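The values are calculated or read from the model by the stated rules, or taken from the named source; none is laboratory data. Just so we're clear, the structure is a prediction, and the values are computed from it rather than from any experiment. Neighbour counts run over all protein chains shown; Cβ positions are idealised from the backbone, glycine included.
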Amino acid sequence: MSQSATAPPARLRRTQSGSATSGVLCSAHAGGNAALFPQVLALHVPDGAVVADVTHGQGVFWQQVAAGRYRLLASDLATGTDCRALPYAAASIDALVLDPPYMEGLLRGRIETRGGLGSHAGLRAAYSSGQEAEPARRWHQAVLDLYLAAAAEARRVLRDHGILIVKCQDEVSANRQELTHVQLVMGLAALGFYARDLFVLVRSNRPGVARLLRQVHARKNHSYFLVFQKVPDGQAVARYRTRTLAPVPLAGRA
Ligand SMILES: C[S@@+](CC[C@H](N)C(=O)[O-])C[C@H]1O[C@@H](n2cnc3c(N)ncnc32)[C@H](O)[C@@H]1O
């Protein structure tokens, strides 16, 4: 009996495409926002996209982004635009960047007890406008309320499958561990956002502590860039899969 009569049919060999490399973007970085942010954008936002940075502040995020790569719409409370009430039409934005004050101390109603006084004045200048109104709820809940209200507004202005990049840092508030990044992933899922990616940024310098009696929690020296994607109405966040955001030619925009 010939071999061909008994041998199973030859299996087609799968040809792997792509090339071996270690030059991939990793999830954890040591350094600063200005170096990491352009890499987050490059991975998740197509060139030419309309990107609204609604808490633009001093524009640190954009310092190392090549000019003209995206169409940046910059706004901030300090220049008169509240990220919870944006002047953009529904579904008109490809990607949105949100980095509000992440420490409850910067949102306290009374200016005398607000964080960022004295030797911490630089913190207030970099992280808040100093014009935040008295929040409806106190402590860490004020931080979450701001993020979630801004995310709801982001959902309105983003087009379907649009990208929302959220900067945040966990905090211990009133002796309670608040894992802001977890709270945001859960809160934004309820608003119709899929958590598409997560980056951890570790400070390269050691944080100083002015008066330490007894350490209770680990001192935080890391923050996050969370990357969300808008799940279209009627689709389940739990079943959504990462989708490439196709660039929209300028001519196709309203
Ligand atoms: C952490 S800083 C942003 C820093 C910014 N990403 C940068 O690269 O320089 C927070 C910013 O949120 C702004 N802000 C606070 N509340 C806001 C609100 N309700 N709407 C818009 N911006 C707000 C502050 O004025 C401040 O500039």
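Mind checking which pairs have a first residue in the range 71-87 that is within 16 Å of Leu148 (Cα to Cα) and at pLDDT 95 or above and a second that is more than 9 Å from the ligand (Cβ to nearest atom) and of a type in the set (D, E, K, R), Cβ under 8 Å, 6 or more apart or different chains? Listed by first residue and then by second, the contacts come to Cys83/Glu153; Arg84/Glu153; Ala85/Glu153; Leu86/Glu153; Leu86/Arg156.
At least 2 residues that are within 12 Å of the chain's Cα centre (by Cα) and surrounded by fewer than 20 Cβ atoms within 10 Å (Cβ to Cβ) in each: list the strands (runs of 3 or more DSSP E) lying fully within the range 157-207 that qualify.
193-202
With a requirement of 2 or more residues that are of a type in the set (A, V, I, L, M) and under 15 Å from the mean Cα position of the chain (by Cα), the strands (runs of 3 or more DSSP E) lying completely within the range 42-99 that satisfy it span 50-53, 93-98.
Within the range 128-144, is there a residue that is modelled with pLDDT of 95 or more and within 18 Å of Val227 (Cβ to Cβ)? For the range 128-144, residues modelled with pLDDT of 95 or more and within 18 Å of Val227 (Cβ to Cβ): absent.
For the range 37-55, the set of residues classified as more than 10 Å from the ligand (Cβ to nearest atom) and buried (at least 20 other Cβ atoms within 10 Å of the Cβ) consists of Val40, Leu41, His44, Val45, Ala49, Val50, Val51, Ala52, listed by residue number.
Could you grab me the full set of residues in the range 215-230 that are of a type in the set (Val, Ile, Thr), in contact with a Leu (Cβ under 9 Å, 6 or more places away or on another chain) and farther than 23 Å from Gly32 by Cα?
Answer for the range 215-230, where residues must be of a type in the set (Val, Ile, Thr), in contact with a Leu (Cβ under 9 Å, 6 or more places away or on another chain) and farther than 23 Å from Gly32 by Cα: there is none.
Scanning the range 164-190 for residues that are closer than 11 Å to Leu98 by Cβ and in contact (Cβ under 8 Å) with a residue 60 or more places away in the chain yields a total of 5. When Gln58 is tested against (1) near the ligand (Cβ under 7 Å from one of its atoms); (2) in contact with a His (Cβ under 6 Å, 6 or more places away or on another chain), only condition (2) is not met. If you go through the range 82-101 and pick out every residue that is more than 7 Å from the ligand (Cβ to nearest atom) and more than 13 Å from His56 (Cβ to Cβ), you end up with 10.
Somewhere in the range 212-231, is a residue surrounded by 10 or more Cβ atoms within 10 Å (Cβ to Cβ), under 20 Å from Pro101 (Cβ atoms) and without any contact (Cβ under 8 Å) to a residue 40 or more places away in the chain? Yes, the conditions are met somewhere in the range 212-231. Here is the figure for the range 23-41: residues that are among the β-branched types (Val, Ile, Thr) and part of a helix (DSSP H, G or I) total 1.
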